[in-house]
Amino acid sequence: MTTCQRCTETATVHVTETVEGRRREIHLCGPCARRAGLIAAEEVPPLPLEGVVQGLILAHVGELVGEVAALTCPDCGLKFMEFRRGGRLGCPRDYEAFSIGLIPILGRTQGATRHVGKRPRRPARGVDRLRLRSLLRRAIAREDYEQAARLRDQLRLEDGDE
Amino acid sequence: MNLDDLTGTSGEWLRGSGPESDIVMCSRIRLARNLADFPFINRASRGEKAEIEATFKSKIIQPGELELSYLDVNGMSSLNRQFLVERQLISREHQAADWPRGVAIGPRENISIMVNEEDHLRIQVMLSGLSLHDVWDRINRLDDQIEARLDYAFSPQLGYLTACPTNVGTGIRVGVMLHLPGLVETKQIEKVFRALQKINLAVRGLYGEGTQAFGDFYQISNQQTLGKSELELIRNLNDVIPQIITYERQARQALLGEKRNQLLDKVSRAYGQLKTAHQISSEETMLLLSSVRLGINLGLIDDLEIPTVNELFIHTQPAHLQRLQGAELSSDERNIARASYLRTKLGNGRLPETE
Ligand SMILES: [Zn+2]
Ligand SMILES: [Zn+2]
């Protein structure tokens, strides 16, 4: 168990950030992380004093902490903080999109950050179908059916390409 | 294959053979795999989930070479879904979900592939006894065959990408199901669990995470999936299991030596109750069968075979019982039907002789 760097509680939020090219880890408890803007502010609005503290923290750790909190997957739209709450990722791209927040978590929970086992024998196809699908989903959401039809055709075409 | 074909039979992994099968009920490995071009289940729309299922069916089931039968779990009654859980072919989470999903089952029930559980695919292979390398050879080949037809989400740095980071990397869960009545009876089981947790192995009940062990059955499996190869993770488990087997055997011998009469009494009463009861709950049946299984392994009961007992563990559970009876039953009716089923199956057995 790591202790919060700002008080004596158990740290539940762990982030690695880079400031001026140097990486460091931050471990905070829920309330302190919320004050630092690391997790979404919920319940209580910060007291004036806490606002001061928050300002100090931000001055020290820079905007990157907020950046981790604001990470969003470009394909599935999942936010890093939603992942921290629910524990499940939204799509394969998240590992890339959240890597600065996720890699330290893997290091702690798995004790490793590099795969050494089996690999697929053949490389996955080059064209990015995950991206096509997310564009399709968005086209449908804004009722752009012409674009949706085009994207669907493109996906079908590639299905036939194998 | 349909559910009716399964009802009267039992999986090959229950046949009670294979190395150390007096203590190791079965060995199993599962691989978590996801398709590269779909969001994970958590984020996939209902339509996308249906597409994942259709893709799997068209590429893996249709060609037929793999000899897999596909069951549509979403369209099933809850009784039938429960039946598949009791059978260890799907998880409780898969049973409880409410979206397009299914399970592909291989001949003799050694293979099951859950489609749209927490990951797009959960591939599982099970064999009787302690035979993890054999299980690995089979599941590795099966995984290759599937990968040749579907694009897996894979990253060179992080390996197979999974919905939960606790599975990323190899995506492997290597597990053995152990029957440990001796360690339970001699109250050493907690000590064993603590030692296992220290070396990163998880202990679970019969039906997975968060479930209680009943009938003295425990599943032991790896927790780490990243930074170690599949074979290293299998080796880790293979190194530890023989020690647990040795402890269990020592505990059994100690009971035979120091508490022979108590043990004989417990085993005979259990056997007697199973053969004579007129209503009996599922939990009590599990506990009594556990004692009977121990009795057979110690030579105290000689007119009953391990495969029969293994089968009774599965067939006396609620959904199996109701499918065998061909009717939905209330809890009381089930207790009566269960007792009658047990009396029929154990009818001619003799009780062990006391000294
Ligand atoms: Zn704190
Ligand atoms: Zn995503």
Within-10-Å neighbourhood charge of residue B:161 [Cβ basis; K, R +1; D, E -1]: -1
Any lysines whose Cα falls less than 17 Å from that of residue B:259, other than same-chain ones fewer than 8 residues away, would be B:187
Surface share of carbon and sulfur [accessible, 1.4 angstrom probe, percent] for region B:15-65: 47 percent
Decide, for chain B, between rounded, prolate and oblate: order the square roots of the alpha carbon gyration tensor eigenvalues as a ≥ b ≥ c, take rounded if a/c falls under 1.5, and otherwise choose prolate if a/b is larger than b/c, else oblate. oblate
First compute the accessible area of region B:125-260 with a 1.4 Å probe, then give the percent of it belonging to carbon and sulfur atoms. 47 percent
Which trypsin sites (Lys or Arg not before Pro) in region B:108-213 pass both tests, a DSSP loop state and at most 10 other beta-carbon atoms within 10 Å? B:187
In whole angstrom, how far apart do the alpha carbon centroids of region B:151-172 and region B:88-108 sit? 21 Å
Can you give the calculated 222 nm mean residue ellipticity of chain B, where each DSSP H run of n ≥ 4 adds -39,500 (n - 2.57) and the sum is split over every residue, rounded to the nearest 500 deg cm²/dmol? -14000 deg cm²/dmol
Once A and B are treated as a pair rather than alone, how much accessible area drops out, both sides summed, in Å² to 100, probe 1.4 Å? 3600 Å²
Mean-position separation - Cα centroids, region B:60-83 and region B:262-329, in angstrom: 29 Å
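The values are calculated or read from the model by the stated rules, or taken from the named source; none is laboratory data. These numbers were taken from a predicted model, which means no experiment stands behind them. Glycine gets a Cβ as well: all are built from the backbone with ideal geometry, and neighbour counts include every protein chain shown. Only protein heavy atoms, including side chains, enter the accessible area calculation; ligands, DNA and RNA are left aside. Shrake-Rupley method; radii C 1.70, N 1.55, O 1.52, S 1.80 Å.
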